[in-house]
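The values are calculated or read from the model by the stated rules, or taken from the named source; none is laboratory data. As the structure is a prediction and not an experimental result, all values here were calculated from the model. All Cβ positions, glycine included, derive from the backbone under ideal geometry; neighbour counts span all protein chains shown.
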Amino acid sequence: MSSPAPTFDLVVIGSGPAGYRAAVQAAKLGKTVAVVEKTPDRLGGAWIHTGTIPSKTLRESMDSIHAIRFHAGGKWVERIIADMSAKKLMGRALNVSKYEESIMRRYFARYQIKIFEGFGSIEERHCVRVIKDTGASEIINAGNILIATGSRCRRPEDIPFDGWRIVDGDEILNLENVPKSMIIYGAGVIGCEYACIFRAIGCDVTVVDGRSTIMQFVDGEAAQALAKSMEDSGIKFVLGSKFKDAKVRGPAVHVGLENGKILETDVLFFAAGRIPNTDKIGLERLGIKIGERGAIEVNEDFQTNIPNIYAAGDTIGSPALAATSAAQGRHAACHMFGKKVRAFPKVFPVGVYTIPELSSVGKTEEDLKKENLPYVVGRAHYAEVARGYIRGDEHGLLKLLVCQRTHHILGIHITGHDACNLIHIGLAFMQKNGHAQDLVDMVFNYPTLAEAFRIAAFNALNKIFTDGEIGDPPTEADLKMADEAKKSASA
């Protein structure tokens, strides 16, 4: 007689940031937790092994090397890179990934989280089937289920991926040698990040995209500043040119564009999007609703239309960031067990780890124009900030978007060194509904890049208070009086 199926308060399918944080949070609440992972020897999935952690490690290595250019000269940078083997660079990234995975394993052991090896498929509302590589399977009973299966690279069937001449985002770090030339199709986050990394190593990089600008979801001026910096580093752009086909010709790849152009390269990196891993996991069996491009539909607490089944991370689509995925997983775990949860933040930062970095939070200028909201722009250029000049940062820009009526900060966009850290200063003000005057009244350490916030705030408020004396932000009574006066004037 077979033993009864094990039962857990929560079964998580997937061990990426959403699944990991949800599992640990539920265990901290005293719940029994199981994680189903098809590659248990590589906990963390793409987040730790092929995406966020290794790529950012590579980026950090190359940025550190190039940071000495302004101080020691380009010859020293070239010499260091010439002596830096791809094996050594990749080895460093691998070590960091292993260390991050070891932290996960320690937490799983501490909180007695059970790992089941295999592919997870939802059998019933309270039942998950774990299918092993051998074809054998077992059933796990679950009070609640969290789908955190992540996403995979988009791989069109007509592109002959081979893992070394034509690669995707999961294969790019497997290259044994740095190619002399690389074409990256896709000018989004992943494409631009790797373009900077490989260019810094000495590769001749061309970024191709069917759209006319890079990273269209960010503020246009910030993206333009990044593009200028990338071009100055030697990266070439072919924009407004859609991909047609790719053909391997001996050791080279011929990339055909719809405008008739054919580009030749050693390696083609196809970086045009990712797809949620939501197929073949039993969603249709229970009628779990799926939206655009296979993303699972959830409510504000990350519940699907089946109350005890939740989804978080890349499986629910945008923003598909490691940070937001982790926060979603934790929120879902608290909610499913009746614990108090605050509304999930509507304002959160986006970090792009290019060289230099780009980070944004809140509205873009394009958003404000569409919404017809009155605003002023405050700018601080790194070259005009003492620490920026010391570092030799020529392209850095910190941009504030300030409401002309209320003086609230509506958006912050930074292109430059340490942007992904600096953005949190502004984020704190925005979450507390802060005003530009709050930044002006702060005393920052000198010299720091952070004081760019104060400079940008001054720049914005000087456009509101044109007499040179910066006043207090308007009170609710002031705003009400102004609205009544405007109404009377138009009557």
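Listed values, structure above:
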| read-out | value |
| --- | --- |
| Contacts under 7 angstrom Cβ, first residue in the stretch 301-324 being more than 12 Å from Ala148 (Cα to Cα), partner part of a helix (DSSP H, G or I) and of a type in the set (A, V, I, L, M), 6 or more apart | Asp301/Ala332; Ile306/Leu286 |
| Among the candidates Tyr99, Tyr107, residue that is assigned by TED's automatic domain parsing to the domain that holds Gly313, in contact with a helix residue (DSSP H, G or I) (Cβ under 8 Å, 6 or more places away or on another chain) and hydroxyl-bearing (Ser, Thr, Tyr) | Tyr107 |
| Filter result for the condition that a residue is closer than 20 Å to Val130 by Cβ, surrounded by 22 or more Cβ atoms within 10 Å (Cβ to Cβ) and aliphatic (A, V, I, L, M), over Ala271, Ala311 | Ala311 |
| Positions within the stretch 353-371 being more than 15 Å from Val402 (Cβ to Cβ) and touching a residue at least 40 places away in the same chain (Cβ under 8 Å), in sequence order | Tyr353, Thr354, Ile355, Pro356, Glu357, Leu358, Ser359, Ser360, Glu366 |
| Set His395, His408: member being touching a helix residue (DSSP H, G or I) at 6+ places or on another chain (Cβ under 9 Å) and modelled with pLDDT of 95 or more | His408 |
| The lone exception for Asp158 - which of (1) over 26 Å from the mean Cα position of the chain (by Cα); (2) farther than 20 Å from Arg274 by Cβ it fails | (2) |
| Residue match in the stretch 455-469 (condition: under 30 Å from Cys196 (Cα atoms), of a type outside the set (Asp, Glu) and out of contact with any Pro (no Cβ under 7 Å at 6 or more places or on another chain)) | yes |
| The stretch 178-188: number of residues that are closer than 23 Å to Val350 by Cα and either small (Gly, Ala, Ser) or modelled with pLDDT under 95 (or both) | 3 |
| Meets criteria (more than 23 Å from Ile48 (Cβ to Cβ), surrounded by 18 or more Cβ atoms within 10 Å (Cβ to Cβ), touching a Lys or Arg at 6+ places or on another chain (Cβ under 8 Å) and not aromatic (Phe, Trp, Tyr)) for Thr304 | yes |
| Residue in the stretch 204-216 that is touching a residue at least 40 places away in the same chain (Cβ under 8 Å), among the β-branched types (Val, Ile, Thr) and out of contact with any Ser or Thr (no Cβ under 8 Å at 6 or more places or on another chain) present | no |
| Residue in the stretch 63-82 that is at pLDDT 80 or above, out of contact with any Cys (no Cβ under 7 Å at 6 or more places or on another chain) and surrounded by 16 or more Cβ atoms within 10 Å (Cβ to Cβ) present | yes |
| Test result for Ala86, among the hydrophobic types (A, V, I, L, M, F, W, C), surrounded by fewer than 20 Cβ atoms within 10 Å (Cβ to Cβ), at pLDDT below 95 and more than 22 Å from Leu175 (Cβ to Cβ) | no |
| Residues that are of a type in the set (Ser, Thr, Tyr) and farther than 24 Å from Ala320 by Cβ, drawn from the stretch 35-72 | Ser61, Ser64 |
| Test result for Cys420, in contact (Cβ under 8 Å) with a residue 60 or more places away in the chain and under 25 Å from Met215 (Cα atoms) | yes |
| Selection from the stretch 243-279 of residues that are out of contact with any strand residue (DSSP E or B) (no Cβ under 7 Å at 6 or more places or on another chain) and under 28 Å from Gly120 (Cβ atoms) | Gly273, Asp279 |
| All helices (runs of 4 or more DSSP H) inside the stretch 388-491 with 1 or more residues being buried (at least 16 other Cβ atoms within 10 Å of the Cβ) and of a type in the set (Gly, Ala, Ser) | 419-431, 436-440, 452-461 |
| Lone unmet requirement of (1) in contact with a Lys or Arg (Cβ under 6 Å, 6 or more places away or on another chain); (2) surrounded by 16 or more Cβ atoms within 10 Å (Cβ to Cβ) for Leu368 | (1) |
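For every residue, the table says whether it meets (1) farther than 17 Å from Phe119 by Cα; (2) assigned by TED's automatic domain parsing to the domain that holds Leu321; (3) at pLDDT below 95; (4) surrounded by 24 or more Cβ atoms within 10 Å (Cβ to Cβ).
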site: Ser2; (1), (2), (3), (4): yes, no, yes, no
site: Val11; (1), (2), (3), (4): no, yes, no, yes
site: Gly16; (1), (2), (3), (4): no, yes, yes, yes
site: Gly19; (1), (2), (3), (4): no, yes, no, yes
site: Ala26; (1), (2), (3), (4): yes, yes, no, yes
site: Gly30; (1), (2), (3), (4): yes, yes, no, no
site: Val36; (1), (2), (3), (4): no, yes, no, yes
site: Asp41; (1), (2), (3), (4): no, yes, yes, no
site: Gly44; (1), (2), (3), (4): no, yes, yes, yes
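Here is a yes/no grid of residues against (1) in the same structural domain as Pro319 (by TED's automatic domain parsing); (2) in a loop (DSSP other than H, G, I, E, B); (3) buried (at least 24 other Cβ atoms within 10 Å of the Cβ):
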site: Asp158; (1), (2), (3): no, yes, no
site: Asp170; (1), (2), (3): no, yes, no
site: Asn177; (1), (2), (3): no, yes, no
site: Cys192; (1), (2), (3): no, no, yes
site: Cys196; (1), (2), (3): no, no, yes
site: Arg199; (1), (2), (3): no, no, no
site: Val207; (1), (2), (3): no, no, yes
